[in-house]
């Protein structure tokens, strides 16, 4: 047995010697720090210091070789001692040198000669190594079990934290719901409080009226007592009056009735919160309450998801380049981003207006009024885009999207395409039709007459304001305000506001700022062109009606001219049939065009009517503010007019609807 064991050991040592002879050792010549790089084949560059030993594996290329080395590692997770491990990678050829193989073999042979290994010692050493390995294995197994227990505890703790976070989320969600309920409750409370204040306001007005009647009766009694000459009765009456004045429960009147009047008391309206005298409070409250009767309590709502806000500005650089900066903020789904900023010229604005008229003949496209000043052009561009953004259909048009977000080259291409279309349309000769007599009580005709008269009155007002600016005259605006008020078919906001303006304009003096009034005139002229755009739409509808009636009449005439017994081979009969077919086709096209124009005509006119009064409201407010600032003599009356023109527009009182129903 000992011989066999010695033979096996000798064969193992021989194989180890062969392996040692076959392996090539490399030694580092200098320090090297590997860069943090990653190669396509997964090679790992190694960092090393001078003197480190590597085992050569293979040659990667002319600059790198594959090696391995033995390093000590420490596992902080398992908390074990340092252990040997083999690390493989690549090192540069210029930083290493191959060690002498004979020297390594000589050193190993000397060690073997100096330290001969006997079979007994080798068995004992192998038993010791096996024991140490088993001990180390048991320790590692125990550490693995400890690590498993720690991981289980960590998983349990994580599950507990997750459950706790879910409970806290539910609790926070309940708190948010409670806060929202409280918020809505506060809103309802504010609405109810406003109603209670309105009721208290009315009761206060009634109490003041009774107080005035009582004061008149007291004055009558006092005059009668003075006429009688009874001094004791006069003194007694004065004591009673003083005692009654000091014992006022509301504490509003601090002076005695003989020293001050109740008309000097200033109170605020509970509906619009405007301060005024007690004498004017009764009439003002009637107007305010009549405007608020149909309003329903509103609850707080979140901001809309269809917001489209456009701002037009200009600077000194823009003035030199004759461009305007158009800034867009939107939450509309057709826009990729929420903010846009582009630069557009006056020609770009005119192109957008013409392109929308070409693409949407059934809509009232806002006009673009030309101005000489840069500020006037900027205001007109802002008003033009605001009107389009307020329109439910035009605000979604792809041409507006291109104008607000597109590059300059894209807009230029679109302008060139529009010019080509206009040239083709101009080359086609339009056939003139005879105007057939129509029903003057038709809704379209009545609306057209209303718009014509409204535009005439508005144009007269603009002309007078321009003349007054040029000639420094102040007579006449009230007449046109009165005309606008009298021609309104219903008690609309426009009628109430223009009536108040017509009364106060008579008392004005020639003391005003011409620059600001010119802006107001420009705003009125823009509204006038807007009304003309609505007239153009109604004219298109009327033309479509006449076209349909014309071709319908032609079809009937050709049908009556047909003779059932005529020869079909007759050239006249064939020509007549072709004309009938052409007329029938034109009649169908005219009917389709008429239906297309009249499909949304009612809603289009309603939106125009609303927008017209909204813009006129802003202009009249600005006009009233301007006049009230420069005419101190009638400031109090202008303040009342300003309150009238700032009154809200009643959605149910519409002029065009009233004209259609009349």
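The values are calculated or read from the model by the stated rules, or taken from the named source; none is laboratory data. Predicted model only: the values in this text are computed from it and were never measured. A quick note on method: Cβ atoms are made from the backbone with ideal geometry, for glycine too, and the neighbour counts reach across all protein chains shown.
Within region 344-379, being surrounded by 20 or more Cβ atoms within 10 Å (Cβ to Cβ), more than 16 Å from residue 417 (Cα to Cα) and touching a strand residue (DSSP E or B) at 6+ places or on another chain (Cβ under 9 Å) holds for 344, 377.
Yes/no per residue for (1) more than 30 Å from residue 144 (Cα to Cα); (2) outside the structural domain of residue 148 (by the TED database); (3) in a loop (DSSP other than H, G, I, E, B); (4) at pLDDT 90 or above:
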{"site": "40", "(1), (2), (3), (4)": "yes, yes, yes, no"}
{"site": "43", "(1), (2), (3), (4)": "yes, yes, yes, no"}
{"site": "56", "(1), (2), (3), (4)": "yes, yes, no, yes"}
{"site": "70", "(1), (2), (3), (4)": "no, yes, no, no"}
{"site": "78", "(1), (2), (3), (4)": "no, yes, yes, no"}
{"site": "81", "(1), (2), (3), (4)": "no, yes, yes, no"}
{"site": "84", "(1), (2), (3), (4)": "no, yes, no, no"}
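Please go through region 394-411 and give me each residue that is outside any helix (DSSP H, G or I) and farther than 18 Å from residue 364 by Cα, ordered by number. Those that are outside any helix (DSSP H, G or I) and farther than 18 Å from residue 364 by Cα: 406, 407.
Residues of region 294-333 that are at pLDDT below 85, touching a helix residue (DSSP H, G or I) at 6+ places or on another chain (Cβ under 6 Å) and under 24 Å from residue 381 (Cβ atoms): 314, 319. Would it be correct to say that residue 417 is in a helix (DSSP H, G or I), touching a helix residue (DSSP H, G or I) at 6+ places or on another chain (Cβ under 8 Å), loosely packed, with under 15 Cβ neighbours inside 10 Å and at pLDDT 80 or above? The answer is no for residue 417.
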